[in-house]
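Below are the structure tokens for one structure; questions will follow.
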Amino acid sequence: MKGAILVVDDEEVVLKSCERVLKPAGYEVSTSTSAQKALQILGENGGFDLVITDIKMPGMDGIEFMKKLREKNPDISVVLITGYPSQESIKEALALRVVDYLPKPFSPALLAETAEKAIEFRKKTRGPESEDFGPEKAEKLTEIINGLKGKPGSLLTVLQKAQELIGYLPPAVQRHIARGLNMPVSEIHGVVSFYPFFSMKPRGKHIIKICLGAACYVKQAEQILARLKGKLQIDLGEVTADRLFSLESVRCLGACGLAPVVVVDKNTHSSVNPDEALDILAQYQ
Ligand code: FES
């Protein structure tokens, strides 16, 4: 897979012709007929290398779309499909770091060439993908992938081992795995987002899981959570500045008789009293 591309255009015919050209050229292609839907796709899947978007679309135009896109994806490559753009929209597009233009109607050859250049440009400006998690870990991850490739259930095992190795599964790791296993990034992303065990954000050395299920809730789990948040100065789903602790919540650990329950790494702390909650932290350095 040469890269993952999202094409956004309100004309179905443009989307279809992009798929026809880019898929056989080795790209994973997703499409959207509106900017709103495209933002949703991008929110669910951080693994895209390139967005090709029309400038004129009903609802939200290409410029507005790029502004919103840049808030969350500052380094993604964007190619703009244009008819007759105004000077003003060209200026805005340049400010939003559009890497190239595709004048409508465009030939298949021009589309393929533009996509290739835009993805190359992204790689150059970001450096090799392995920089996101270090060349040594990238090499080890490749070894893991090669050792498991083709075996039943290999994806889950690769993801599990990748998380053990790197600590979490950011988009760069997912792309690396997708290329190694020759699978679409969207499939990898789907599995990573489905299982709560996998994390796309960095985690702390120690992972605190507080149960907010009914039995724990009625026994002051909320107060325990408030104490932990206050002490660690983080919210649920965040990591402390020193990367020592992550704070997560779960819905019932199946140990309701021991409520309220806090699990740190593999250790279960039962019948936790809010006043003693902070003492638990002292056990982990
Ligand atoms: S509700 Fe917390 S363990 Fe069941």
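The values are calculated or read from the model by the stated rules, or taken from the named source; none is laboratory data. Computed from a prediction, not measured in an experiment: that's the story for all the values here. Every residue, glycine as well, gets a Cβ built from its backbone with ideal geometry; the counts of neighbours run over all protein chains shown. Keep in mind that these areas ignore ligands, DNA and RNA; they rest on the heavy atoms of the full protein, side chains included. Shrake-Rupley method; radii C 1.70, N 1.55, O 1.52, S 1.80 Å.
Can you list residue pairs whose Cβ atoms sit under 7 Å apart, with the first residue in region 248-262 being without any contact (Cβ under 8 Å) to a residue 60 or more places away in the chain and the second being assigned to a helix (DSSP H, G or I) and within 6 Å of the ligand (Cβ to nearest atom)? Count only pairs 6 or more apart in sequence or on different chains.
These pairs meet every condition: CYS256/ALA215; ALA259/ALA215; ALA259/CYS216; PRO260/CYS216; VAL261/CYS216.
If you check LEU247, LEU253, which single one turns out to be crowded, with 17+ Cβ neighbours inside 10 Å and near the ligand (Cβ under 9 Å from one of its atoms)? Write out each step before concluding.
On the way: LEU247 fails: near the ligand (Cβ under 9 Å from one of its atoms).
Being crowded, with 17+ Cβ neighbours inside 10 Å and near the ligand (Cβ under 9 Å from one of its atoms) holds for just one of LEU247, LEU253, which is LEU253.
Can GLU276 be described as under 26 Å from LEU159 (Cβ atoms) and in a helix (DSSP H, G or I)?
Working: under 26 Å from LEU159 (Cβ atoms): no; in a helix (DSSP H, G or I): yes.
So GLU276 does not fit the description; no.
With at pLDDT 90 or above, touching a Gly at 6+ places or on another chain (Cβ under 7 Å), closer than 17 Å to VAL79 by Cα and in the same structural domain as PHE106 (by TED's automatic domain parsing) as the only criterion, which of SER30, SER34 stands out? Quick ask: steps written out before the conclusion?
Numbers: SER30 fails: touching a Gly at 6+ places or on another chain (Cβ under 7 Å).
Going through SER30, SER34 in turn, just one is at pLDDT 90 or above, touching a Gly at 6+ places or on another chain (Cβ under 7 Å), closer than 17 Å to VAL79 by Cα and in the same structural domain as PHE106 (by TED's automatic domain parsing): SER34.
Can we say VAL264 is out of contact with any Asp or Glu (no Cβ under 8 Å at 6 or more places or on another chain) and within 16 Å of the ligand (Cβ to nearest atom)?
Details: out of contact with any Asp or Glu (no Cβ under 8 Å at 6 or more places or on another chain): yes; within 16 Å of the ligand (Cβ to nearest atom): yes.
Against the criterion (out of contact with any Asp or Glu (no Cβ under 8 Å at 6 or more places or on another chain) and within 16 Å of the ligand (Cβ to nearest atom)), VAL264 qualifies.
OK, next. Quick check on my filter: what residues within region 161-214 are over 12 Å from the mean Cα position of the chain (by Cα) and aromatic (Phe, Trp, Tyr)?
Listed by number, the residues that qualify are PHE194, TYR195, PHE197.
Among the residues in region 221-238, are any in contact with a helix residue (DSSP H, G or I) (Cβ under 9 Å, 6 or more places away or on another chain), modelled with pLDDT under 90 and within 16 Å of the ligand (Cβ to nearest atom)?
yes
When you scan region 209-217, do you find a residue that is modelled with pLDDT under 90 and outside the structural domain of LYS72 (by TED's automatic domain parsing), even just one?
Filtering region 209-217 for residues modelled with pLDDT under 90 gives none.
There is no residue in region 209-217 that is modelled with pLDDT under 90 and outside the structural domain of LYS72 (by TED's automatic domain parsing).
Related question: Kindly check whether there is at least one residue in region 51-64 that is free of Cβ contacts under 8 Å to residues at least 12 places away in the same chain and open to solvent by 20 Å² or more (accessible area, probe 1.4 Å). Explain how you work it out, then say what you get.
Going through region 51-64, the residues free of Cβ contacts under 8 Å to residues at least 12 places away in the same chain turn out to be none.
There is no residue in region 51-64 that is free of Cβ contacts under 8 Å to residues at least 12 places away in the same chain and open to solvent by 20 Å² or more (accessible area, probe 1.4 Å).
When you check ALA259 against the structure, is it buried (at least 16 other Cβ atoms within 10 Å of the Cβ) and more than 9 Å from the ligand (Cβ to nearest atom), yes or no? Steps first, answer last, please.
Working: buried (at least 16 other Cβ atoms within 10 Å of the Cβ): yes; more than 9 Å from the ligand (Cβ to nearest atom): no.
Criteria not met by ALA259.
For every residue, the table says whether it meets (1) open to solvent by less than 70 Å² (accessible area, probe 1.4 Å); (2) acidic (Asp, Glu); (3) farther than 19 Å from SER186 by Cα.
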| position | (1), (2), (3) |
| --- | --- |
| ASP10 | yes, yes, yes |
| VAL13 | no, no, yes |
| CYS18 | yes, no, no |
| LYS23 | no, no, no |
| GLU28 | yes, yes, no |
| LYS37 | no, no, no |
| ILE41 | yes, no, no |
| THR82 | yes, no, yes |
| LYS104 | yes, no, yes |
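If a residue counts only when it is closer than 17 Å to LEU102 by Cα and either touching a strand residue (DSSP E or B) at 6+ places or on another chain (Cβ under 6 Å) or not polar (S, T, N, Q) (or both), which strands (runs of 3 or more DSSP E) contained entirely in region 1-91 have at least 3 such residues?
Hits in region 1-91: 3-8, 50-54, 77-82.
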